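See structure below.
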Amino acid sequence: MHSILIIEDDEDVNLLLAEALSDAGYAVKSSFGGVEELQVIRDHSVDLVLLDIMLPFKNGDELLQELREFSDIPVIVISAKEKVGTKIDLLKLGADDYITKPFDLGEVVARVESNLRRTHIQKQASTLMRYHDLLLDVSSKRVSIDNHEIELTAKEYMILELLLKHSGKVFTKANLYESVWQDEYLGDDNAVKTHISNLRNKLKKASPHKEYIETVWGLGYRLFKR
């Protein structure tokens, strides 16, 4: 269940929003002043913020700036200010959406759903790394080719992830060793060569007619250029 924090000093408006979002299946936290909200976001799992701009103790734009220093959760501003310049300024400060008062509760719920869905898609995309038919899922540490999962050792996984993150870059044996083993490279390349060979064999077994890791003679390794 997604958690929504409503920062709105008008108790009637806050209650209306809380009821509509609760009815839509969200867990709702309500705040009225603009003083302790940042601590609430730090201490609790909050997935989205509905933020009023005109607050009694701290302006919403100031609160938004401070929030963006440590969190990228979606923020929907709700304000009576209709000026285009105000909307643009708040979006530049880090707001994800803007709703003008008076508002329709159905629209608010729809905007909340839309922003949460977009955030979910973005997070999913950021954890998935693709190279042709090869897929590496950073969150689950799984690697697959054409939906067939490949069992890799921790070091093999780390080498492949490093190559995927820096597609096109040539990694020397020293680069790979120091990045993956987190130790000083002293010239013994057996560990790197063995893990590269094992990784290649596993990828080759999953996809016999394709090459994924290229040896750049005299330099090192990179993803195979096609």
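The values are calculated or read from the model by the stated rules, or taken from the named source; none is laboratory data. Keep in mind that what you see is a predicted model, and the values were worked out from it rather than measured. Positions of Cβ are backbone-derived with ideal geometry, glycine not excepted, and every protein chain shown enters the neighbour counts.
What to note about this one:
- Residue list for region 184-199, restricted to those being surrounded by fewer than 17 Cβ atoms within 10 Å (Cβ to Cβ) and either modelled with pLDDT of 90 or more or within 29 Å of the chain's Cα centre (by Cα) (or both): Ala191, Lys193, Thr194, Ser197, Asn198
- Check on Tyr177, over 18 Å from the mean Cα position of the chain (by Cα) and under 30 Å from Glu8 (Cβ atoms): no
- Exactly one residue out of Tyr131, Tyr98 is within 30 Å of Gly220 (Cβ to Cβ) and among the aromatic types (Phe, Trp, Tyr), and it is Tyr131.
Yes/no matrix, rows are residues, columns are (1) more than 20 Å from Val108 (Cβ to Cβ); (2) outside the structural domain of Phe103 (by TED's automatic domain parsing); (3) modelled with pLDDT under 90; (4) crowded, with 21+ Cβ neighbours inside 10 Å:
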| residue | (1), (2), (3), (4) |
| --- | --- |
| Val13 | no, no, no, no |
| Gly25 | no, no, no, no |
| Glu36 | yes, no, yes, no |
| Asn59 | yes, no, yes, no |
| Glu66 | yes, no, yes, no |
| Lys87 | no, no, yes, no |
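- First in region 179-202 and without any contact (Cβ under 8 Å) to a residue 60 or more places away in the chain, second anywhere and of a type in the set (Lys, Arg) and in a helix (DSSP H, G or I), Cβ under 6 Å, 6 or more apart: Val180/Lys155; Asp189/Lys173; Val192/Lys173; His195/Lys155
- The listed residue being without any contact (Cβ under 8 Å) to a residue 40 or more places away in the chain, touching a Lys or Arg at 6+ places or on another chain (Cβ under 9 Å) and either aliphatic (A, V, I, L, M) or assigned by TED's automatic domain parsing to the domain that holds Leu116 (or both), out of Ile41, Ile76: Ile76
- Strands (runs of 3 or more DSSP E) within region 94-151 that include 1 or more residues within 28 Å of Glu66 (Cβ to Cβ) and over 22 Å from the mean Cα position of the chain (by Cα): 97-100
- Hits in region 9-41 (condition: closer than 20 Å to Asn59 by Cβ and either polar (S, T, N, Q) or part of a helix (DSSP H, G or I) (or both)): Glu11, Val13, Asn14, Leu17, Ser30, Ser31, Glu37, Leu38, Gln39, Val40, Ile41
- Search result, residues across region 1-28 that are over 11 Å from Leu48 (Cβ atoms) and touching a helix residue (DSSP H, G or I) at 6+ places or on another chain (Cβ under 8 Å): Ile7, Glu8, Leu16, Leu17, Ala20, Ala24
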